[in-house]
Amino acid sequence: MPISQTFPFLAPCSPRSPRPPRTGRPAAAACAALLAAATVLPGAPAASAADEAKALPSAIDALVQEYRDAAGVPGVAVAVTRGAETVHAAGYGTTPVGDPVTADTPMAMASVSKSFTAAAVLQLVEAGEVDLDEPVRTYLPEFEMADPRAERITVLQLLDQTSGMSDTTFPAFTREQPEDLREAVASMRTGRLAADPGERHEYHNPNTQVAARLVEAVAGRPFAEQLRAGVFEPLGMENSTTIDTDRDLPPSAHGHLKAFGAPVAAPEPRAFGNGSGGVISTADDMAAWLIAQNNGGKGAGGARIASAESIERMHTPSPNSGSYALGWSVGETPSGAPVIAHGGDLFTSTAYQALLPESGHGVAVMANTGMAYGDAQAIADALITLIEEEEAPAPPSQAALVWTDVLLTALAAGAAAAAWFGARRAPRWARLRAGRPLGAALRLLPLALPPLLFAEIHRVVGFLFRGRDVAWIQVSYLYPSFMLLLGAAALACAVVAAARIASLVRNRARRD
């Protein structure tokens, strides 16, 4: 089961390069071939902008529908722009409550939100109220950590994720979750840094939570109001907002897990995300945002949310931030063209946005399936390939996912059967070890391992994710069938251990 890299509540959120092209997507590939033939084949007439405007939306519809059918994605929203025009904005399928997904359906943007936080900060920079190179505490004195180096963290280092803050020294999710940005910043007072400020890039959600709180402090109003006034209203993003926690998600922004290849509606695990993952938006609204990003900060209607210089700064990595810019990352498409993008994953939904500077296209995708499946990025990858007139990748097969669930569920059932068999044999096991308490204890010890692993599995996963802070419930959302097996094994071992211990106690009582 693939795990997406861009986790607002788990893992780094820099965009991966679009997947290399593969064969096997007949509908979208045929549309792409027609477009390519009309534009590049010798002797063929050049396709007009009107022809493309008609052909590309149909190709997008075919591609998304084919992906949904193959991957079992209940609902998807897509926006594709070019220059100052919306090429296509549409919704497909349904929300968890059964409503149709449309171009106006609010969906979770997850860590795509970081680009909005960066925009809000750059607006204050343009107004002369914030300097990116000044320490955060210049504008937000309440920002304190147990590490004296934190006083040197600059505003820029929050946005490019080089502050030195890290999940390894300040747990983002296993601590008590805050209710608002003020509490989020206050909770960092016990945290320490993993590196000197500016030394290296390390993705950590609290960076942009502090940045959002800084916006509140400087602007003198809640972050949601500042985004609405500075970004959403000027661009006509009427159905967009930002929220604090999972409890604030509208019904349409909830999502799904998958079991045996079928979607299962599920609530999002408890987490705080404003500033780092709280934006809720729609396909129509994201089209307006993409246009402004590709048009030097100016929206389709002429309203400007930032200067061209600020937009360029948002898209430019810092010297020590690698490919990560300010809420965006830079990379290449499979064809070698530059791409500026950012992904966002919740445990029940995903989002992805990308800008193609050479062609002027923008792409945004929201899918209501979780990070374990990476559907938003996969669809966006396919759309980028389609736009580049390459052969589109084949939609993913659900066979491996289904058979994995079948196998792990069968093993879980086997664990239950083993528990029943082991409990029935416990009296005989105890009789064979009568008078040998040390030997009996040593034979019981391995039965403690599955329950211990079940209880601490989040620490193991966090270690495998290079020290990321992971909550136990999050692992259950990532690997539900594996956790079913591990839970069944833990319970089976506990049952057998209890039966054996009870038999040992009864035997001893009889002897006494």
Study note, to complete from the structure: Residue pairs qualifying under the 9 Å Cβ cut-off, at least six apart or on distinct chains, with the first in the range 89-104 being at positive phi and the second being part of a loop (DSSP other than H, G, I, E, B), are GLY93/VAL73; GLY93/PRO74; GLY93/VAL101; GLY93/ASN368
Check your understanding: Within the range 298-310, can you find the residues that are surrounded by fewer than 22 Cβ atoms within 10 Å (Cβ to Cβ) and touching a strand residue (DSSP E or B) at 6+ places or on another chain (Cβ under 9 Å)?
Key -> LYS298, ALA300, ARG304, ALA308
Review point. Among the residues of the range 398-423, how many are exposed (fewer than 12 other Cβ atoms within 10 Å of the Cβ) and either within 12 Å of ARG500 (Cβ to Cβ) or touching a Leu at 6+ places or on another chain (Cβ under 7 Å) (or both)?
Key: 0
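Looking only at the range 470-512, filter to residues that are more than 38 Å from the chain's Cα centre (by Cα) and farther than 23 Å from ALA419 by Cα; which one of those is surrounded by the most Cβ atoms within 10 Å (Cβ to Cβ)? Before the answer, list the steps.
So in the range 470-512, the residues more than 38 Å from the chain's Cα centre (by Cα) come out as 496-512.
Filter again for farther than 23 Å from ALA419 by Cα, leaving 508-512.
Values: ARG508: 13, ALA509: 8, ARG510: 8, ARG511: 8, ASP512: 5.
Here the residue is ARG508.
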Check your understanding: Checking SER113 against (1) small (Gly, Ala, Ser); (2) in a loop (DSSP other than H, G, I, E, B); (3) in contact with a strand residue (DSSP E or B) (Cβ under 6 Å, 6 or more places away or on another chain), which single condition isn't satisfied?
Key -> (2)
Check your understanding: Taking the range 246-279, which residues are outside any loop (DSSP other than H, G, I, E, B) and within 15 Å of the chain's Cα centre (by Cα)?
Key -> ASP246, ALA253, GLY255, HIS256, LEU257, PHE272, VAL279
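Determine, yes or no, whether ILE457 is in contact with a Pro (Cβ under 6 Å, 6 or more places away or on another chain) and either in contact (Cβ under 8 Å) with a residue 60 or more places away in the chain or within 22 Å of LEU401 (Cα to Cα) (or both).
Numbers: in contact with a Pro (Cβ under 6 Å, 6 or more places away or on another chain): no; either in contact (Cβ under 8 Å) with a residue 60 or more places away in the chain or within 22 Å of LEU401 (Cα to Cα) (or both): yes.
Considered against the rule, which asks whether it is in contact with a Pro (Cβ under 6 Å, 6 or more places away or on another chain) and either in contact (Cβ under 8 Å) with a residue 60 or more places away in the chain or within 22 Å of LEU401 (Cα to Cα) (or both), ILE457 comes out as no.
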Check your understanding: Within the range 174-206, restricting attention to residues that are in contact with a strand residue (DSSP E or B) (Cβ under 9 Å, 6 or more places away or on another chain) and acidic (Asp, Glu), which residue is nearest to GLU142 (Cα to Cα)?
Key -> GLU183
Check your understanding: Is there any pair linking a residue in the range 270-295 that is farther than 18 Å from SER111 by Cβ to one that is among the small types (Gly, Ala, Ser) and in a helix (DSSP H, G or I), with Cβ under 9 Å and at least six apart or on different chains, and which?
Key -> ALA292/ALA119; ASN295/ALA308
Revision key, fill the gap. Among helices (runs of 4 or more DSSP H) completely within the range 370-452, the ones holding 1 or more residues that are modelled with pLDDT of 90 or more, over 30 Å from ALA509 (Cβ atoms) and of a type outside the set (Ser, Thr, Tyr) are 375-387, 399-424
Point to revise | Total residues in the range 240-254, condition crowded, with 24+ Cβ neighbours inside 10 Å and among the β-branched types (Val, Ile, Thr) | key: 1
Check your understanding: Going through the range 454-467 one residue at a time, which ones are surrounded by fewer than 22 Cβ atoms within 10 Å (Cβ to Cβ) and either closer than 26 Å to HIS204 by Cβ or among the small types (Gly, Ala, Ser) (or both)?
Key -> ALA455, GLU456, ILE457, HIS458, ARG459, VAL460, VAL461, PHE463, LEU464, PHE465, ARG466, GLY467
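Condition first: of a type outside the set (A, V, I, L, M) and in a loop (DSSP other than H, G, I, E, B). Now tell me which residues in the range 305-326 satisfy that.
Looking only at the range 305-326, we keep the residues that are of a type outside the set (A, V, I, L, M), and these are 307, 309-310, 312-313, 315-324.
Those that are of a type outside the set (A, V, I, L, M) and in a loop (DSSP other than H, G, I, E, B): SER307, HIS315, THR316, PRO317, SER318, PRO319, ASN320, SER321, GLY322, SER323.
The values are calculated or read from the model by the stated rules, or taken from the named source; none is laboratory data. On a predicted model such as this, the values are computed, not experimentally measured, just so you know. In this analysis, Cβ positions are derived from the backbone assuming ideal geometry, glycine residues included, and neighbour counts consider all displayed protein chains.
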